[in-house]
Structures are given as C-alpha cells and as structure tokens.
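Right, one structure below, let's go through it.
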Amino acid sequence: MTCTDTTARTAAADPGEPVLRQMPLTRKAEHWFWFELGPDGERIAYACVMQCRGFAWLEEIAVHPDHRGRGLASRLLTAALEKFGTQQVGLSCEVFDPAFPVHRPGLDADQLHAWYRRHGFQPEDGRNLTRPAN
C-alpha cells in the first residue's frame, strides 16, 4: 500500500488545538483526513473519501466522543469538499452503530440528515445523499 502524507508535521500553535492531517492511499483510491492532538499525535477524528471515475464517496466520518461538539466533523467535511468538491460527492447517511461498548453513537438519523443538508447534500433516496460538483 502506498501512503503519502501530504501535510507538514508541525506542531499546532496551541498544544490544545487539534492539527488536521491528510493522506492519500493511492492503491485503494482512498483519501484520509484526520485530526491529531497532543505531542503523541493521538487521532481524535477522521474521515475517509473513496474516489472512482470522477465521483467521490464519503465512506466514513467519526469523532471520538470526548472531542465532539468542537466542530471537528464539520472541519473534516470541509477539508474533504475542498479536495473533492469539483466532483459530485455522495454518501450513505447511516447512524454510527458502535461495535464496542466503549464507543457512544453520535447524532440520530434526523440530526445526521440535517447536518449533511447544511453542508449542501441533498437526499437521493432514503439513506443516500449527494452534493453536486462545484
């Protein structure tokens, strides 16, 4: 798997401020965005976008429960749309179902749909949403 980190490894001006990173995985046509926090670079939020034939698909976006409510998901989505906004972007809007009891779910289905609509996504069917190319 070929990985190329496209961000500088510089410390945040404020050590309490998360640092946005991104990296394409060229073999899989994936592009990862994430926030790191602290001197050890703990990953506290991430998003993954798949690219195929001029279309981008938001695979997943998640924020650690301890770091929710700080706008990190919006910042991740904005970074993804800046990178792939010249293409149509789609997603399957499903509520996070935690696989492990230590995780807590985020927004409910109505809140999640409203959040994506605020970011320019429109319903395509019951659970898929798309955002037109810029």
## Note on the structure
Length gained if residue 67 through residue 115 is fully extended, taking 0.36 nm per residue and subtracting the Cα-Cα distance, is 15.5 nm
### Query
Cβ under 13 Å from residue 91's Cβ, residue 91 left aside: what net charge do those residues give with Lys, Arg +1 and Asp, Glu -1?
-2
### Summary
Reported to the nearest 10 Å², residue 108 has, with a 1.4 Å probe, an accessible area equal to 80
### Query
Roughly speaking, to the nearest percent, how much of the range 12-134's 1.4 Å accessible area is carbon and sulfur?
51
### Task
Hey, can you find the accessible area per residue of the range 36-94 for me, probe 1.4 Å, expressed in square angstrom?
53
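The values are calculated or read from the model by the stated rules, or taken from the named source; none is laboratory data. Computed from a predicted model, the values in this text were never measured in an experiment. Glycine also receives a Cβ, built like all others from the backbone with ideal geometry; neighbour counts cover every protein chain displayed. Calculation scope for accessible area: heavy atoms of the full protein, side chains included, ligands and nucleic acids excluded. Shrake-Rupley method; radii C 1.70, N 1.55, O 1.52, S 1.80 Å.
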